[in-house]
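Here's the structure, in structure tokens; my notes come after.
Computed from the coordinates by the stated procedures, all read-outs in this text should not be read as laboratory data. Computed from a prediction, not measured in an experiment: that's the story for all the values here. Here the Cβ positions follow ideal geometry from the backbone for every residue, glycine too, while neighbour counts run over all protein chains shown.
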Amino acid sequence: MTKQKLDIGIVGLGVMGRNLVLNIADHGFGAAGYDRDKSKVDMLREEAED
């Protein structure tokens, strides 16, 4: 596993959390997202890869 330094972490990847993580990442900052629902994490991962 590689370590990556991130600038911010977001808990909750609903509509607001998901868009916040994507917006932060689009502006060049490292962002991590967490949600209890694995499907929301998977959706964010797929969207971030595009």
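Points worth noting:
- Considering Leu13, Leu44, the condition of being assigned to a loop (DSSP other than H, G, I, E, B), surrounded by 14 or more Cβ atoms within 10 Å (Cβ to Cβ) and under 8 Å from the mean Cα position of the chain (by Cα) is satisfied by Leu13 alone.
- Set side by side, the residues Asp35, Asp7 differ, and just one is surrounded by fewer than 16 Cβ atoms within 10 Å (Cβ to Cβ), touching a residue at least 24 places away in the same chain (Cβ under 8 Å), touching a strand residue (DSSP E or B) at 6+ places or on another chain (Cβ under 9 Å) and of a type outside the set (A, V, I, L, M, F, W, C), which is Asp7.
- The range 18-41, residues that are in a helix (DSSP H, G or I) and acidic (Asp, Glu): Asp26
- Looking across the range 1-18, the residues that are in contact with a Lys or Arg (Cβ under 9 Å, 6 or more places away or on another chain) and not basic (Lys, Arg) come down to Ile10, Gly12, Leu13, Gly14, Gly17.
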